[in-house]
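To keep things clear, I will list the structure first and then write my remarks on it.
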Amino acid sequence: MHDRVKSRSRREIPAVSKVLDVLSYDDLPRPVVVGLVRRELSKIRAKAVIPEFESIVNFIRRLLDELRASRLQPVINGTGIVIHTNLGRAPLASKAIRALNEIGSGYANLEYDLATGERGRRGAYIENALALLCGAESATVVNNCAAALVLIVHHFTRSKGRARPPGAPLQLEIVISRGEMVQIGGGFRVGEIIEAAGTQLREIGATNKTSIDDYAKAIGPDIALILKVHRSNFFMGGFVDSPPSADIAALARKKHIPFVEDLGSGAIVATEQLGIAEHEPTPAEALKNGADLVCFSGDKLFGGPQAGIIAGKRRFVAALKREALFRALRCDKLVFAALQATVDLHLNQSRAGIAAIGLLQVSRDELRARAAAIASRLEGLPLRIAIGCGTVKVGGGTLPKSTIPSVTIDIAPESCSLVDFAARLRNWSSPVIGYIANERFKLDLRTIFPHQADLVVDAIRRVSTSAQ
């Protein structure tokens, strides 16, 4: 009897075609939708009780909505975090966007020498320009800063060695201060990234204090290099001390081992010039203080695409590029196109054209005017609107002590909760991302571009009226 009931229930499971007939999915590839429907119907077959057809369809509709939301798409950032890692970090300069269109839509001389008509060197112009920008002998690019660190560690720990008994492994180590064992976004830790390259860390000092003697005592024949990691995403105060980079560099030269600085944030100009009191070290400063190599991100304060930029002594950069691993970590033509445009803006002192830097420098008067214009267009809706004050964070794991004053649009919906209102805006056709504070939904104008005002107004109008 049980088998007959189960068999009869299974016959009630709809065919894939029947489900597809009642779904709307013109914006998704048919094979993706068919695959999702088949998977869900297969799961239902394993259940003892078969849901009604309408329940099955509604459940699959929700899955399709989640699938749509997971596709890469533009969003409006009203969070007040300029370099928002979850929202793609630094927005690209308009010049970089044009370069992507020009290079991406056809062929390019990525590895072709136009002068000779022969195979050329990938990234030749960018490497020269980056070296000039960083005050370095040479430079190169890989796909992110973690990759840059892995490549550096792989090279120096693999190439250095000493005599040892046959078959006995030599565990090369890297010296790093305990106070620099940084964890970056997504739970990734610098120590784990380095260990993934096949080496181990020799941690020295205490969490809050490391001396130059700690470095000196740690250096032996099994040490491959000294690594200094900039504490870009946190700060320590009180009973804290660490030696200047120049002192570490002098010790490294004396011991004949490389000294590498991971700067992370990619500040090219002094952050004081951007109106930020907190200083962020630049590659030029680190190299002037004696670092053999520096590495940093291209999509943070540098304002370009995701990339790991390495700059420093010519012989070391050349050696890194000879590594087989370098080919696995290299960038494609689109990254080079956007990076080239961003480097040119830096070299031409046209940093206002770099979107992330431009956002940090917009005046509060301009932000107030834009907020007032948006608020006036929202009158008559079931909302309480006010213009408030905000504080912007640079974000991207940079300048943790610094905030920049900003202007917000504060919204209190009358027909739904703040949480529901925020969710509706996130799920609008042009998603608007804000935050809830002081019993208001807030949109920070510093991270909303002027050309997005119409989209913001339309989203708020539609969401507020549909919630009634």
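Cross-link list 217/254; 254/288; 228/255; 255/300: which exceed 25 angstrom alpha carbon to alpha carbon?
255/300
Label segment 94-353 by shape, choosing from rounded, prolate and oblate, from the square roots a ≥ b ≥ c of the eigenvalues of the Cα gyration tensor; if a/c is under 1.5 it is rounded, and otherwise prolate applies when a/b is larger than b/c, oblate when it is not.
oblate
Output the relative contact order of the chain, whole-number percent, from Cα pairs under 8 angstrom with separation of 6+ residues.
20
Which distance in Å, rounded to a whole number, links the C-alpha centroids of segment 87-101 and segment 16-50?
For segment 87-101 versus segment 16-50, the Cα centre distance is 37 Å.
Using DSSP, restrict attention to beta bridges with both residues in segment 94-353 and report what percent are antiparallel, rounded to the nearest 5. Intermediate values should be presented prior to the final figure.
Working: 13 of 30 bridges.
In segment 94-353, DSSP labels about 45 percent of beta bridges as antiparallel.
Got a sec? Charge dipole of segment 1-114, +1 on Cβ for Lys and Arg, -1 for Asp and Glu; which of 50, 28, 97 is way out at the positive end?
50
Tell me the label-point distance for the pair residue 115, residue 53, using the 7 Å Cα-to-Cβ offset, in nm and rounded to one decimal.
7.3
Compare the peptides 217-225, 452-460, 19-27 by average per-residue count of other Cβ atoms within 10 angstrom and give them in order, highest first.
Output ranking for 217-225, 452-460, 19-27: 452-460, 217-225, 19-27.
Answer with one residue from 277, 182, 352: the one whose Cα lies farthest towards the positive end of the charge dipole of segment 94-353, charges on Cβ with Lys, Arg +1 and Asp, Glu -1.
182
What size of dipole, in debye to the nearest 20, comes out for the chain about its Cα centre when the only charges are +1 on Lys and Arg C-beta atoms and -1 on Asp and Glu C-beta atoms?
That gives the chain a dipole magnitude of about 1300 debye.
Farthest toward the dipole's positive end in segment 94-353, which of 206, 218, 237, given Cβ charges of +1 (Lys, Arg) and -1 (Asp, Glu) about the Cα centre?
Checked the options; the winner is 218.
Using alpha carbons only, how many angstrom separate the centre of segment 275-321 from the centre of segment 340-368?
20
May I ask what percent, to the nearest 5, of DSSP beta bridges between residues of the chain are antiparallel?
60
Hey, what number do you get for the chain at 222 nm if only DSSP H runs of n ≥ 4 count, each worth -39500 (n - 2.57), divided across all residues, to the nearest 500?
On the way: 18 runs with 192 residues, N = 468.
Roughly -12500 deg cm²/dmol at 222 nm, from the helical runs in the chain.
Using packing as a proxy for protection, rank 359-370, 109-120 so that the peptide with the highest average count of other Cβ atoms within 10 Å comes first. Present the calculation step by step, with values, prior to reporting the outcome.
Working: 359-370: 15.5, 109-120: 10.5.
The peptides rank, most packed first, as 359-370, 109-120.
State the label only: which of [x] 150; [y] 185; [z] 237 corresponds to volume of the Cα convex hull per residue in Å³ computed from the shown model?
Step by step, volume of the Cα convex hull per residue in Å³ for this structure corresponds to label [z].
Got a sec? How would 331, 389 order by Cβ neighbour count within 10 Å, fewest to most?
Least to most surrounded, the residues fall as 389, 331.
Bear in mind that the values in this text are calculations on the coordinates, not laboratory data. From a predicted model like this one, the values you see are computed outputs, not experimental measurements. So basically every Cβ, Gly included, is an ideal-geometry build from the backbone, and we count neighbours across all protein chains shown.
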